[in-house]
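Shown next, in structure tokens, is the structure this report addresses.
The values are calculated or read from the model by the stated rules, or taken from the named source; none is laboratory data. For clarity, every value in this text was computed on a predicted model and none was experimentally measured. Ideal geometry is used to build each Cβ from the backbone, glycine not excepted, and the neighbour counts take in all protein chains shown. Just so you know, the surface numbers come from the protein's heavy atoms only, side chains and all, with ligands and any DNA or RNA stripped out. Shrake-Rupley method; radii C 1.70, N 1.55, O 1.52, S 1.80 Å.
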There are 2 protein chains.
Amino acid sequence: MANPERSTELLWGAKGRGGLNLERIVRAGIELADAEGLAAVSMRRVAERLGYTTMSLYRHVPGKAELVDLMRDTALGTEPDLGPPRGWRADTEAWARSGLEFYRRHPWLLESAGVRHVPGPNSIAGFEQALAIVAATGLRPAQVVAVVGLVGHFVESAAREVVETTRIERRTGVGHDEWWGARDSLYQHLDRYPTLTRIYEEGGFDEPLDPFEFGLQRVLDGIEALIRDEVRDETRCAVCGKVIDPAETGRPRAYCSRACQQKAYRRRKV
Amino acid sequence: MANPERSTELLWGAKGRGGLNLERIVRAGIELADAEGLAAVSMRRVAERLGYTTMSLYRHVPGKAELVDLMRDTALGTEPDLGPPRGWRADTEAWARSGLEFYRRHPWLLESAGVRHVPGPNSIAGFEQALAIVAATGLRPAQVVAVVGLVGHFVESAAREVVETTRIERRTGVGHDEWWGARDSLYQHLDRYPTLTRIYEEGGFDEPLDPFEFGLQRVLDGIEALIRDEVRDETRCAVCGKVIDPAETGRPRAYCSRACQQKAYRRRKV
DNA sequence: ACATCTGGTATACAGCATATACAGGGAGAG
DNA sequence: CTCTCCCTGTATATGCTGTATACCAGATGT
């Protein structure tokens, strides 16, 4: 993937000379987006930041849409792993939490999330990670896929909420005030919203629960209920997914065969 | 709210004469967005559709952002209600389903959902509806708010997925093929994604579960678990939320007092 | 009768993505 | 060495976008 010639050129070329690169363009785009949001990423701005003309970019990138695709997948690539496995629930939680952290670092990804989303290798790697975690529950394959989709979309949605909130708070100082200021015009029609009124008066909006933490526990509870209903009490091999027939004595088996045990060991070692 | 003069003008002016209106502009914007997506809504296009010049719109609307806000709230206004109450779970499900249906009708709302979202009266009305449903569970106020947020965001997220899928399928004919076509380049690196490979081979992607139906049941299950843990076995008044002390004989009480019973009756009647 | 306001128009400008034409430099062929 | 061709970067132009500014006709108020 990483052309070594280009990489050294990228690492050592520094100041601006050394010619234009795909990598340099993508990096400049990401920096711009991290700092000022996706809307600030225009071909002009990216080119300016690199000291070239607008059209020079088109020698390396087909168009803006593709640039954004590349930016997304590249940004994904710099993420850490989740540590040692501790059961599907803890692992899924860790996966979700790292996803949130990721969106926090690159909020602009949320702005372009609705669009077509051509999956790059790094994006697929995250998908694989989640599939492996959830597959260990023993759910049926289609259910595994659905669960991963559910959690993934939940993270995206919650991140959108959290990021938006912090952005507004940072921009308007307090934030809460502005929100309730806009609500002032509502107070005249409050009789039309009796439940809203009651919940407001009971302080339901004073200290809102963290939407990510709250929602995540609900979603995981829901998945747990599904597992309880669907999965017979069989342990399954983390490598191949086959049912493991339980050992009658001694330490419970974790793999269905020596082959899978070895495979897991090798994978763990690299 | 609805200026009768303007409304009659709007209803009877028909063909194009009768002058420009806020309502006509907003309606034209919605029609355009429904047909061609939010990206197609430009001041020029809206004006053309009405037979006026671009700048004429600015006599009635401060700018495009405000026009979109108005479009959103107006679109929300034409939605049906949910029928008679049948318990929090069925009601929440109905609310979510109507939300999905709404997004299906106006997919462009999803494109502008991430943004600041100034809440209009109709949007608040939907919020009130959901609050009333969830408040009947007896959860604490902050929890009620969090649950409504969770379900609302889930609907938005699932709708995005569903709408996107149908759009791609409609545009590219089959859709599935295109998706797996893009995956062709992946097959060379499949050894890097063992779980993905296994799930694919087991048919986990062949007949994907409906993300809305699947996710909704998980989310509701999670909420149900929360209620089971949090709520003592007390029935609560749907009007004021107070605890109802149970009737020892006869039909179970639904309201905490005659006053609330009457209030509910009056509200139901209008 | 005159001023002011309202609603619609025409023109202009800055920003955007990108198509097209062109220029210099390096590589390879004759 | 020269000629050609490709690769890379540039300059210019087109057609979008939102909107500022200036103008103009007609209605209304005084």
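Regarding the stretch B:72-81, can at least one residue be identified that is within 16 Å of DNA strand D (Cβ to nearest atom) and out of contact with any Asp or Glu (no Cβ under 7 Å at 6 or more places or on another chain)? Talk me through it step by step, then tell me what you get.
First, the residues of the stretch B:72-81 that are within 16 Å of DNA strand D (Cβ to nearest atom): B:72.
Within this subset, residues satisfying the condition of being out of contact with any Asp or Glu (no Cβ under 7 Å at 6 or more places or on another chain) are B:72.
The answer is yes; a qualifying residue exists.
Which residue, of B:PRO85, B:PRO107, is within 14 Å of chain A (Cβ to nearest Cβ), open to solvent by 80 Å² or more (accessible area, probe 1.4 Å), modelled with pLDDT under 95 and more than 16 Å from DNA strand C (Cβ to nearest atom)? Spell out how you get there, then give the answer.
Details: B:PRO107 fails: open to solvent by 80 Å² or more (accessible area, probe 1.4 Å).
Result of the check over B:PRO85, B:PRO107: B:PRO85.
Going residue by residue through the stretch B:123-146, is there one that turns out to be modelled with pLDDT under 90 and either surrounded by 23 or more Cβ atoms within 10 Å (Cβ to Cβ) or facing chain A (nearest Cβ under 7 Å) (or both)?
Yes, there is a match, as at least one residue in the stretch B:123-146 is modelled with pLDDT under 90 and either surrounded by 23 or more Cβ atoms within 10 Å (Cβ to Cβ) or facing chain A (nearest Cβ under 7 Å) (or both).
When you check B:ASP229 against the structure, is it out of contact with any helix residue (DSSP H, G or I) (no Cβ under 8 Å at 6 or more places or on another chain), in a helix (DSSP H, G or I) and at pLDDT 70 or above, yes or no? Even if it seems obvious, please write down each step before you answer.
Working: out of contact with any helix residue (DSSP H, G or I) (no Cβ under 8 Å at 6 or more places or on another chain): yes; in a helix (DSSP H, G or I): yes; at pLDDT 70 or above: yes.
Answer is yes for this residue.
Can you name every residue in the stretch A:39-65 that is open to solvent by less than 30 Å² (accessible area, probe 1.4 Å) and more than 9 Å from DNA strand C (Cβ to nearest atom)? Lay out the reasoning, then the answer.
Kept after step one, since they are open to solvent by less than 30 Å² (accessible area, probe 1.4 Å), are these residues of the stretch A:39-65: A:40-41, A:43, A:46-47, A:50, A:56-57, A:61, A:63.
Answer for the stretch A:39-65, where residues must be open to solvent by less than 30 Å² (accessible area, probe 1.4 Å) and more than 9 Å from DNA strand C (Cβ to nearest atom): A:LEU50, A:SER56.
Checking A:VAL68 against (1) farther than 24 Å from A:ILE223 by Cβ; (2) open to solvent by less than 50 Å² (accessible area, probe 1.4 Å); (3) not in a helix (DSSP H, G or I): exactly one of these is not met. Which one?
Failing condition for A:VAL68: (3).
With (1) out of contact with any helix residue (DSSP H, G or I) (no Cβ under 9 Å at 6 or more places or on another chain); (2) within 16 Å of DNA strand C (Cβ to nearest atom) as the list, and B:ASP69 as the residue in question, which single condition is left unmet?
So the condition that B:ASP69 fails would be (2).
Which one of these is buried (at least 17 other Cβ atoms within 10 Å of the Cβ) and at pLDDT 75 or above: B:ARG198, B:ARG167? Give the steps one after another, and end with the answer.
On the way: B:ARG167 fails: buried (at least 17 other Cβ atoms within 10 Å of the Cβ).
Only one candidate passes the filter, namely B:ARG198.
For the stretch B:189-219, give me the residue count where each residue is more than 7 Å from every other protein chain (Cβ to nearest Cβ) and either closer than 26 Å to A:ASP221 by Cβ or aromatic (Phe, Trp, Tyr) (or both).
Going through the stretch B:189-219 one residue at a time, the tally reaches 6.
Go through the stretch A:49-66 and count every residue that is touching a helix residue (DSSP H, G or I) at 6+ places or on another chain (Cβ under 8 Å) and among the charged types (D, E, K, R).
Number of matching residues: 2.
Of all residues in the stretch A:36-69 being away from DNA strand D (no atom under 11 Å from the Cβ) and among the hydrophobic types (A, V, I, L, M, F, W, C), which is farthest from the other protein chains (Cβ to nearest Cβ)?
Pass one, the stretch A:36-69, residues away from DNA strand D (no atom under 11 Å from the Cβ): A:36-42, A:45-46, A:49, A:62-69.
In the following step, the residues that additionally are among the hydrophobic types (A, V, I, L, M, F, W, C) were identified as A:38-41, A:46, A:65, A:67-68.
Working: A:LEU38: 10, A:ALA39: 11, A:ALA40: 15, A:VAL41: 16, A:VAL46: 22, A:ALA65: 13, A:LEU67: 18, A:VAL68: 15 Å.
Restricting to residues being away from DNA strand D (no atom under 11 Å from the Cβ) and among the hydrophobic types (A, V, I, L, M, F, W, C), the top hit is A:VAL46.
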